[in-house]
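Below: one structure, written as structure tokens.
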Amino acid sequence: MRLLVRHAIRLLGQENRGGGGGEVALFWKGGIRLKATTGYLKLATASAQPLESEKQVLRNNSPLTDSFGRHHTYLRISLTERCNLRCDYCMPAEGVPLQPKSNLLTTEEILRLARIFVEQGVRKIRLTGGEPTVRRDIVEIVAQMKALPELEQVGITTNGLVLTRLLLPLQRAGLDSLNISLDTLKRDRFEKITRRKGWERVIAGIDLAVQLGYRPKVNCVLMRDFNEDEICDFVDFTRDRPVDVRFIEYMPFSGNKWHTERLISYKDTLQAIRQRWPDFEALPNGPNDTSKAYAVPGFKGQVGFITSMTEHFCGTCNRLRLTADGNIKVCLFGNKEFSLRDAMRNEGISEEQLVDLIGAAVQRKKKQHADAAPRLHHQYHFLYHPAHHSSKLQLQVRNCSQLTHVNAQGKAQMVDVGAKPSTTRIARAEATVLVGKHLTQLIAANELAKGDVLTVAQLAGIMGAKRTSELIPLCHNISLSSVKVQATLLRNEHSVRLEASVRCSGQTGVEMEALTAVSVAALTVYDMCKAVSHDICITNVRLLSKSGGKRDFQREESKEGAVQEVE
């Protein structure tokens with residue numbers, strides 16, 4: 001039946017599909033209406049065109065419509081973590097550690113998710129990275145996405161290094177638009193910031209795009225003490241080229257620690273331009289545009305301002321993001337991610353359940369990114385917007401509104417830590433595995449068939465700490481700056497002692513990550529030893545200390561075993 005329905009969609013026209021468990025209607029020309037609820041489909045006659053009110057019902061019931069009524073029709077898909085540049089504000093000269101290939105989405109998985117999102121209402125997909133053109137199958141991916149009946153536009157965001165070689169095949173595959181990242185118009189500065197040569201190739205790629213009929217967007221991140229002296233040069237770049245130069249406010253979040261002194265605001269940039277071109281005028285903008293459009297009269301191109309920091313555009317946001325490892329991000333500033341990869345690779349998950357997971361992620365999108373990270377006004381002062389916080393955890397389970405991990409309807413929720421200050425958080429935990437005399441001898445001699453128990457347990461503990469939010473449902477996805485796991489064989493006690501130390505700079509603690517590290521390490525010891533004996537006991541899993549939060553904790557055992565908590 002599903003194949004029949006999809007074939008009917010291709011033949012009869014545009015699908016407007018809803019989701020989220022409620023009954024919705026799908027309309028086509030030709031007097032046919034397809035009515036759908038979760039788990040079954042019905043055919044019925046209907047008028048040739050849906051009423052505007054019916055379209056609104058479809059949008060409201062769609063899994064891509066969040067709790068604030070924003071309908072998401074734009075998906076950005078990261079094809080890879082790799083990049084052929086080493087921009088100094090993005091990564092160290094030697095690059096960054098990459099995930100194993102098995103962790104990343106395959107081409108088939110990317111295309112499957114693209115199809116699912118399009119069936120739910122996405123109409124524009126932008127391919128990003130890393131650098132998307134480093135994928136050998138980029139042209140094939142574009143071609144197959146363009147074959148999706150309801151998808152209106154496929155674009156890419158690229159650094160432009162290989163456009164002169166790839167753009168013509170991409171255009172033949174159906175590529176509709178391209179954004180080219182370029183932060184400087186000076187060759188020597190380009191080589192300094194990117195640690196690579198290739199400025200001429202990027203400029204040639206922009207010019208080729210124009211020759212092929214594109215109106216490329218040139219994305220320039222403005223940074224104080226780097227390229228602020230080139231603002232007017234970029235505007236002049238639009239004089240004879242039909243390009244859209246877009247100045248992006250530097251977004252100093254997460255890894256670069258809110259270096260707000262580097263931010264150049266939209267208003268400061270506008271003022272600098274109007275000192276040279278007083279008639280620099282505003283242009284009309286679309287309802288979902290992230291860029292404020294301007295132009296110098298008589299110039300072929302235009303200029304846009306993406307005011308991510310000083311004047312956010314969250315109220316009209318219609319964008320979702322899919323990371324290279326298959327996580328859906330509903331906000332660039334948010335740290336909440338949901339793994340669609342893991343769900344897809346679970347044979348017991350149906351496609352309807354996958355759509356439900358996407359809908360659940362969209363429903364958790366915040367009203368604006370200020371709830372997930374500090375915002376700035378144009379004087380660069382921090383504005384910590386009030387986030388929803390309940391009072392101290394109460395034991396009256398029936399009063400759900402007083403429970404930090406339960407909402408007013410009694411459903412589980414994550415605690416909102418958006419208003420907490422970012423501090424250095426450190427936690428230590430330990431666990432003990434009692435293995436007995438014989439296993440102690442085998443571990444010491446490294447004679448177990450599965451290999452070096454202590455080393456593998458240490459690695460497993462580190463991996464476990466990094467995956468805590470995927471294992472513990474209400475834990476936040478935290479960017480960890482350090483994970484150390486120590487496995488020590490205590491021969492006299494016939495045991496393995498495991499200790500983990502975890503560090504991050506963020507708004508929530510890492511005690512769960514430390515406890516997960518020692519727990520996974522302990523289970524790994526068990527797994528590697530169980531072929532010899534099952535008489536193994538995991539014990540004494542506990543937190544040793546945590547610091548950096550509202551309440552610090554230090555386990556200090558007296559002779560009677562009492563534990564002191566430091567307020």
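The values are calculated or read from the model by the stated rules, or taken from the named source; none is laboratory data. Only a predicted model underlies this, so the values are computations on that prediction, with no experimental measurement involved. Every residue, glycine as well, gets a Cβ built from its backbone with ideal geometry; the counts of neighbours run over all protein chains shown. For accessibility, only protein heavy atoms count, side chains too; no ligands or nucleic acids. Shrake-Rupley method; radii C 1.70, N 1.55, O 1.52, S 1.80 Å.
Laid out as a table, the results:
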| item | result |
| --- | --- |
| Test: residue in segment 411-424 that is open to solvent by 60 Å² or more (accessible area, probe 1.4 Å), touching a Lys or Arg at 6+ places or on another chain (Cβ under 6 Å) and either assigned to a helix (DSSP H, G or I) or modelled with pLDDT under 90 (or both) | no |
| Subset tally (residues that are under 30 Å from Glu191 (Cβ atoms) and assigned to a helix (DSSP H, G or I)) for segment 143-157 | 0 |
| Subset of segment 158-180 that is assigned to a strand (DSSP E or B) and crowded, with 19+ Cβ neighbours inside 10 Å - its residue that is nearest to the chain's Cα centre (by Cα) | Thr158 |
| Residue check for Leu98: modelled with pLDDT of 95 or more and either open to solvent by less than 10 Å² (accessible area, probe 1.4 Å) or not assigned by the TED database to the domain that holds Val245 (or both) | no |
| Subset of segment 68-108 that is in contact with a Lys or Arg (Cβ under 7 Å, 6 or more places away or on another chain) and without any contact (Cβ under 8 Å) to a residue 60 or more places away in the chain - its residue that is farthest from Arg319 (Cα to Cα) | Gly95 |
| Qualifying residue in segment 198-212 (condition: in a helix (DSSP H, G or I), of a type in the set (S, T, N, Q) and surrounded by fewer than 16 Cβ atoms within 10 Å (Cβ to Cβ)) | yes |
| Selected residue (criterion: nearest to Val218 (Cα to Cα)) from residues of segment 117-157 that are open to solvent by 10 Å² or more (accessible area, probe 1.4 Å) and hydrophobic (A, V, I, L, M, F, W, C) | Val134 |
| Close pairs (7 angstrom Cβ cut-off, 6 or more residues apart or separate chains): of a type in the set (Lys, Arg) in segment 156-170, assigned to a helix (DSSP H, G or I) and open to solvent by 10 Å² or more (accessible area, probe 1.4 Å) anywhere | none |
| Breaking point among (1) at pLDDT 90 or above; (2) within 21 Å of Arg86 (Cα to Cα); (3) among the charged types (D, E, K, R); (4) not in a helix (DSSP H, G or I), for Asp225 | (1) |
| Condition broken by Arg195, with the remaining ones in (1) modelled with pLDDT of 95 or more; (2) surrounded by fewer than 16 Cβ atoms within 10 Å (Cβ to Cβ); (3) not hydrophobic (A, V, I, L, M, F, W, C) satisfied | (1) |
| Segment 472-516 - residue that is of a type in the set (Asp, Glu) and over 17 Å from Lys550 (Cα atoms) and, of those, most open to solvent (accessible area, probe 1.4 Å) | Glu493 |
